Amino acid sequence: MDTYIWNPTLRKSKKLLKSSWGTSCYTKYGLGFDDSRDDYKALFIDHCGNSYNGEFSNMRVVVNIYSSRTDSWTTVHEQLQGIFLLNCSGKFINEKIYWDASTGIHDYNVCNIISFDVADETWGSLELPICGEEVFNIKLGVVESELFVLYTCKPGILMSGF
């Protein structure tokens, strides 16, 4: 599969060099811009493992980072072990890409918000609001230059913020 970065404002596209990303059906991605280096970075995160009866064993996470400035890939293996990103595409705000995350591939309850700083290439996390023992749901969004979280604690109660 060929992958391109396209800037609709400039009407220019760039075909990315081949990498080993996209080898699992659980590939997540993000695109960000490092203003200090004038560098677009694309991330492809693969959750790889052996499947048996719908359960995964030997799960590992492979992160492939593409830099447009150097036209090259970096692959890292250890940063997100034990974390499963839920939203397919990350939300880019203020030089960071954000995903909601859980602790298992079949656990869709968000336990954390994970971030990737495109300038420093470092990972971070944000605490979630406390809602007791109740079932909750989280959706990430962007409003102007702010990350927003739609956070529901139980039917009929709605909270938002950040």
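The values are calculated or read from the model by the stated rules, or taken from the named source; none is laboratory data. Predicted, not measured: the structure shown is a model, and the values here were computed from it. Backbone-built Cβ (ideal geometry, glycine too); neighbour counts: all protein chains shown.
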- Task: Considering only region 65-85, state which residues are among the hydroxyl-bearing types (Ser, Thr, Tyr) and exposed (fewer than 11 other Cβ atoms within 10 Å of the Cβ).
- Result: Thr70
- Message: Criterion first (modelled with pLDDT under 85 and surrounded by fewer than 16 Cβ atoms within 10 Å (Cβ to Cβ)) does Glu133 satisfy it?
- Response: yes
- Query: So which residues in region 59-95 are under 16 Å from Gly124 (Cα atoms), charged (D, E, K, R), assigned to a loop (DSSP other than H, G, I, E, B) and touching a residue at least 24 places away in the same chain (Cβ under 8 Å)?
  - Reply: Glu95
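Any chance you could count how many residues in region 106-120 are closer than 22 Å to Cys48 by Cα and either at pLDDT 80 or above or in a strand (DSSP E or B) (or both)? Spell out the reasoning first.
At the first step, the residues of region 106-120 found to be closer than 22 Å to Cys48 by Cα are 106-116.
Next, from what is left, pick out any that are either at pLDDT 80 or above or in a strand (DSSP E or B) (or both): 112-116.
The total comes to 5.
Is it the case that Leu150 is at pLDDT 70 or above, part of a loop (DSSP other than H, G, I, E, B) and over 16 Å from the mean Cα position of the chain (by Cα)? Spell out how you get there, then give the answer.
Numbers: at pLDDT 70 or above: yes; part of a loop (DSSP other than H, G, I, E, B): no; over 16 Å from the mean Cα position of the chain (by Cα): yes.
Answer is no for this residue.
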